[in-house]
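A quick write-up on the structure given underneath.
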Amino acid sequence: MAQHFLLSAAAKTLSLKAVVRMTDEEAHEAFRQIRWADNAGEPYCPHCGCTAVYSYTTRRLWKCKGCGHQFSVTSGTIFAGRKLEIRDYLLAIAIFCNGAKGVSAVSVR
């Protein structure tokens with residue numbers, strides 16, 4: 001079984017300072033690199049695992065050539081159906097991954 005993307009080395013190297021200064025495009029690219037770190041940052045279908053995908057130019061979506069499933073960088077994660085910006089989720093990932101003892105859900109407000 002593959003390692004979860006939040007536990008990857010790429011996720012552990014996120015700096016809060018760097019994430020805060022990222023533009024939306026840079027944050028999306030960083031999330032993509034973390035999400036598919038096992039495939040050198042290249043997306044693959046979360047539905048069937050096919051690496052033959054193509055991207056839409058108007059939206060940040062990919063479509064699988066094998067099964068026709070449309071997916072985004074957050075599809076199949078706890079961030080699917082998100083309402084916040086991707087940069088906010090990267091901040092949460094950086095806080096979670098860089099914490100020595102973890103972060104209590106009660107302490108974060």
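The values are calculated or read from the model by the stated rules, or taken from the named source; none is laboratory data. None of these values were measured; they are calculated from a predicted model. All Cβ positions, glycine included, derive from the backbone under ideal geometry; neighbour counts span all protein chains shown.
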Discussion item. Can you find a residue that is β-branched (V, I, T), surrounded by fewer than 17 Cβ atoms within 10 Å (Cβ to Cβ) and modelled with pLDDT of 85 or more anywhere in the range 17-25?
Written reply: yes
Worksheet item: Out of the range 42-91, which residues are touching a Ser or Thr at 6+ places or on another chain (Cβ under 9 Å), of a type in the set (A, V, I, L, M, F, W, C) and within 16 Å of E29 (Cα to Cα)?
Response: L61, W62, I86
Practice prompt. Working only within the range 26-82, note down all residues that are more than 29 Å from F96 (Cα to Cα), of a type in the set (D, E, K, R) and surrounded by 14 or more Cβ atoms within 10 Å (Cβ to Cβ).
Written response: K63
Worksheet item: Which residue pairs have Cβ atoms closer than 7 Å, lie 6 or more positions apart in sequence or on different chains, and pair a first residue in the range 41-68 that is modelled with pLDDT under 90 and assigned to a strand (DSSP E or B) with a second residue that is loosely packed, with under 11 Cβ neighbours inside 10 Å and among the hydrophobic types (A, V, I, L, M, F, W, C)?
Response: none
